[in-house]
Amino acid sequence: MRRLLPFAFAFALVMPSLRAETLRLCYDTAEKSGSQLGSFVVLEQLSRNTGVQFEYVERVWNRCWAGLMRGLWDGVVAASYRADRARLAAYPMWQGLPDPERRLRQDGYSLFRLRGSTVSWDGEQFAGIDGMVGAQTGYSIVNWLREHGLRVDASTTRGDQCLRKLAAGRLDAVALLSDDGARLLRQHPDYAAVIERVQPPLFERAYYLVFSLKRYRADPQRFEQLWNALPAARATAEVPGP
């Protein structure tokens with residue numbers, strides 16, 4: 001993997017051309033909760049480092065993408081890479097692949113089950129799942145679960161709604177962002193009394209700040225410079241723990 005320019009030198013390149021820029025970003029309603037708040041801490045640091053200003057719009061996840069396609073905003077906060085999404089938005093790339101060094105943050109997904117359940121995940125295979133697995137509408141984990149042969153209920157937009165269905169016995173398990181699921185169990189002792197997280201995590205994944213293809217193609221250097229400044233922003237931002 002290649003090395004980026006030293007942070008101080010990168011700032012010298014980025015700041016003069018980006019100082020007056022203002023970008024409108026859409027974020028998922030769930031994004032300003034729990035450890036996902038770290039995305040905004042990094043963006044605030046990125047703004048301080050580069051002079052770029054961010055204006056935020058809150059929508060459910062699918063509407064963020066619909067609005068990006070319609071040109072209602074410039075980018076989307078914290079999107080994992082999928083080939084279908086790459087046809088809609090520009091990602092930071094390196095040699096034809098998404099560049100994790102220029103990610104916004106990293107997070108993983110975990111499986112949650114009822115205490116005493118036989119549901120399990122050994123890092124390669126699921127066991128003990130006969131019914132549905134819950135996941136949030138529009139999240140990349142939905143396709144991943146289906147690719148692993150599971151039936152998925154993706155009819156809810158919020159993690160706490162998924163846990164409510166699990167606690168009520170309507171689902172065999174729920175797949176949530178690991179830190180978000182842990183936070184929800186801390187916030188809801190009634191759920192924590194009957195639900196536990198399965199180890200190991202399903203996977204970890206990089207999440208990116210992505211921009212509309214139209215905006216990116218109009219001035220790719222501007223957005224490449226902004227992505228190049230992200231490693232330093234992550235390194236100096238005070239991101240809260242889970």
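Is it fair to say Ala86 is among the aliphatic types (A, V, I, L, M) and farther than 18 Å from Arg158 by Cβ? Yes, satisfied. Scanning the range 130-169 for residues that are modelled with pLDDT under 95 and among the small types (Gly, Ala, Ser) yields Gly138, Ser140, Gly159. Do we find a residue being closer than 15 Å to Arg113 by Cβ and loosely packed, with under 15 Cβ neighbours inside 10 Å anywhere in the range 132-155? Looking for residues that are closer than 15 Å to Arg113 by Cβ and loosely packed, with under 15 Cβ neighbours inside 10 Å, one finds none in the range 132-155, hence no.
Contact annotation: residue pairs with Cβ atoms under 9 Å, 6 or more positions apart or on different chains, pairing a residue in the range 157-186 that is closer than 17 Å to Glu204 by Cβ and in contact (Cβ under 8 Å) with a residue 60 or more places away in the chain with a partner that is crowded, with 20+ Cβ neighbours inside 10 Å and of a type in the set (Val, Ile, Thr), are Ala175/Val133; Ala175/Ile141; Leu176/Ile141; Leu177/Ile141; Gly181/Val174; Gly181/Ile195. Among strands (runs of 3 or more DSSP E) entirely within the range 95-202, having at least 3 residues that are closer than 30 Å to Thr236 by Cα singles out 105-114. Taking the range 85-133, which residues are in contact with a helix residue (DSSP H, G or I) (Cβ under 9 Å, 6 or more places away or on another chain) and among the acidic types (Asp, Glu)? Matches in the range 85-133: Asp99, Glu101, Asp107. Quick one: in the range 102-118, of everything that is farther than 20 Å from Asn143 by Cβ and more than 15 Å from the chain's Cα centre (by Cα), which residue is surrounded by the most Cβ atoms within 10 Å (Cβ to Cβ)? Checking each candidate, the answer is Arg113.
Filter the range 47-69 down to the residues that are β-branched (Val, Ile, Thr) and not in a strand (DSSP E or B), then identify the one that is surrounded by the most Cβ atoms within 10 Å (Cβ to Cβ). Among those residues, the one meeting the criterion is Thr50. One residue is enough: does the range 210-227 have a residue meeting the conditions touching a residue at least 24 places away in the same chain (Cβ under 8 Å), crowded, with 19+ Cβ neighbours inside 10 Å, among the charged types (D, E, K, R) and within 30 Å of Gly67 (Cβ to Cβ)? Checked against the condition, which is being touching a residue at least 24 places away in the same chain (Cβ under 8 Å), crowded, with 19+ Cβ neighbours inside 10 Å, among the charged types (D, E, K, R) and within 30 Å of Gly67 (Cβ to Cβ), the range 210-227 yields at least one hit. Residues in the range 70-88 that are buried (at least 21 other Cβ atoms within 10 Å of the Cβ) and over 15 Å from Leu104 (Cα atoms): Trp73, Asp74. Among the residues making up the range 170-195, those that are within 19 Å of Leu145 (Cβ to Cβ), at pLDDT 95 or above and either of a type outside the set (A, V, I, L, M) or more than 21 Å from the chain's Cα centre (by Cα) (or both) are Arg170, Leu171, Asp172, Ile195. What is the residue count in the range 70-94 for residues that are under 16 Å from Phe54 (Cβ atoms) and in a loop (DSSP other than H, G, I, E, B)? So the answer is 3.
The values are calculated or read from the model by the stated rules, or taken from the named source; none is laboratory data. All values reported here derive from a predicted model rather than from experimental measurement. Please note: Cβ atoms are built from the backbone with ideal geometry, for glycine as well, and neighbour counts cover all protein chains shown.
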